[in-house]
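Only one structure is covered here, and it is reproduced in the block below.
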Amino acid sequence: MSIRIHIGGRLYPPEQAAVPVLDRGFLFGDSVYETVGTNRGRLVFLEDHLHRLARSAERLYLRLPPRDEVERAVRETMAAAGNPESRVRIIVTRGDASVDLDPAAAGDPRLVVIAQPLGEPPPELYETGVEVEIVSVTRNLPRAIDPAVKSGNYLNNVLAMGEARRRSPSVHEAILCTANGSVAEGATSNVFAVVAGQLRTPAVEVGILDGVTRGKVLQLARTNGISCQEALFMSPDDFRRADEAFLTSSVRSVLPVTRVDGLALGDGKPGALTRRLMGLYRQMVEAQT
């Protein structure tokens with residue numbers, strides 16, 4: 001198991017990898033990124049992730065390197081790391097500049113690719129489910145830092161996770177709400193609830209990241225006759241009283257939630273609809289790779 005990092009066309013072990021301190025990604029979090037997992041050594045939904053990377057960059061007026069350069073760097077870094085399964089982080093910063101907030105002061109964008117072992121949750125968590133905490137840290141307003149942009153400015157999420165872990169060191173994820181009190185998303189995941197047999201997830205309009213795995217789960221629900229709703233408002237109590245819940249992300253896939261704020265959700269076990277969607281998503285990934 002190893003980590004390899006691609007910067008400026010060269011590969012490095014982590015202890016030798018570095019970017020200049022005047023890189024705007026380091027100075028200001030002025031960057032975009034994607035995390036892509038593998039299955040049987042093949043990248044899962046890479047096309048979707050690169051499309052979202054481009055969409056994030058466009059919204060920040062950040063120029064990306066050519067697509068073939070990004071893909072080549074990804075594959076070279078994975079090969080150099082040599083892990084059976086990988087988690088690949090693709091980062092593009094606005095590049096170097098003086099300590100000046102003006103984006104026009106930046107030079108050429110900088111591509112960084114990090115390949116490391118996948119590090120998915122232990123198998124037993126898919127059987128027992130995980131605990132989450134609904135925190136007081138709110139999700140950024142779309143007119144401030146748009147949550148639909150997957151950027152390197154991650155302090156909002158860092159503070160949320162810190163609050164959750166101070167409450168319960170064993171908690172798996174922090175759940176953030178919007179300024180008007182609606183459940184939005186996890187610090188590193190999207191959230192779903194099952195209420196009276198219907199699958200519900202916060203709508204993109206609430207102010208969330210449009211997760212790749214989230215989109216695939218909604219697609220699976222609609223094509224398999226599962227009633228689903230993208231909700232414009234879901235209160236914390238609605239979420240706490242749900243029959244089932246789960247998280248989605250590229251590394252987690254579909255991960256059951258069985259405790260919220262220290263209390264059992266539903267009967268305290270992964271529910272039938274959650275398990276069904278776990279299986280359907282596994283089949284989709286196998287077919288894609």
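The values are calculated or read from the model by the stated rules, or taken from the named source; none is laboratory data. Remember, predicted model here, so these are calculated numbers, not experimental data. Note: ideal-geometry Cβ built from the backbone for every residue, glycine included; neighbour counts use all protein chains shown.
Screening region 52-66 for residues that are in contact (Cβ under 8 Å) with a residue 24 or more places away in the chain and not in a helix (DSSP H, G or I) and picking the one that is farthest from Asp30 (Cα to Cα) gives Pro65. Answer with yes or no whether Ala148 is of a type outside the set (Lys, Arg), surrounded by 22 or more Cβ atoms within 10 Å (Cβ to Cβ) and either over 17 Å from the mean Cα position of the chain (by Cα) or more than 18 Å from Ser253 (Cα to Cα) (or both). No: the conditions fail for Ala148.
This table checks each residue for (1) part of a strand (DSSP E or B); (2) of a type outside the set (Gly, Ala, Ser); (3) more than 18 Å from the chain's Cα centre (by Cα).
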{"position": "Glu47", "(1), (2), (3)": "no, yes, no"}
{"position": "Leu50", "(1), (2), (3)": "no, yes, no"}
{"position": "Asp68", "(1), (2), (3)": "no, yes, yes"}
{"position": "Thr77", "(1), (2), (3)": "no, yes, yes"}
{"position": "Arg87", "(1), (2), (3)": "yes, yes, no"}
{"position": "Ser98", "(1), (2), (3)": "no, no, yes"}
{"position": "Glu124", "(1), (2), (3)": "no, yes, yes"}
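Looking across region 28-45, just one residue is within 13 Å of the chain's Cα centre (by Cα) and of a type in the set (Asp, Glu), and that is Glu34. Yes or no: Ser182 in the same structural domain as Asp267 (by TED's automatic domain parsing) and at pLDDT 95 or above? It is true that Ser182 is in the same structural domain as Asp267 (by TED's automatic domain parsing) and at pLDDT 95 or above. The C-beta contact set for region 214-234 (first residue in the same structural domain as Thr201 (by TED's automatic domain parsing) and over 15 Å from Pro202 (Cα atoms), second residue modelled with pLDDT under 95 and among the aromatic types (Phe, Trp, Tyr), distance under 6 angstrom, 6+ apart or interchain) is empty. Within region 111-122, the set of residues being outside any strand (DSSP E or B), of a type outside the set (A, V, I, L, M, F, W, C) and closer than 14 Å to Ser250 by Cα comprises Gly119, Glu120, Pro121. Among the residues that make up region 235-247, is at least one of them on the phi < 0 side of the Ramachandran plot, part of a strand (DSSP E or B) and basic (Lys, Arg)? No, region 235-247 has no match at all. Does Tyr61 satisfy the condition of being touching a His at 6+ places or on another chain (Cβ under 9 Å), more than 25 Å from Gln288 (Cα to Cα) and either surrounded by fewer than 17 Cβ atoms within 10 Å (Cβ to Cβ) or not assigned by TED's automatic domain parsing to the domain that holds Arg282 (or both)? Answer is no for this residue. Has region 238-250 got at least one residue that is among the basic types (Lys, Arg), modelled with pLDDT of 95 or more and crowded, with 20+ Cβ neighbours inside 10 Å? No, every residue in region 238-250 fails to be among the basic types (Lys, Arg), modelled with pLDDT of 95 or more and crowded, with 20+ Cβ neighbours inside 10 Å. Within region 186-206, the residues that satisfy the criterion of being more than 19 Å from Leu263 (Cα to Cα) and either in a strand (DSSP E or B) or outside the structural domain of Leu265 (by TED's automatic domain parsing) (or both) are Asn190, Gln198, Leu199, Arg200, Thr201, Pro202.
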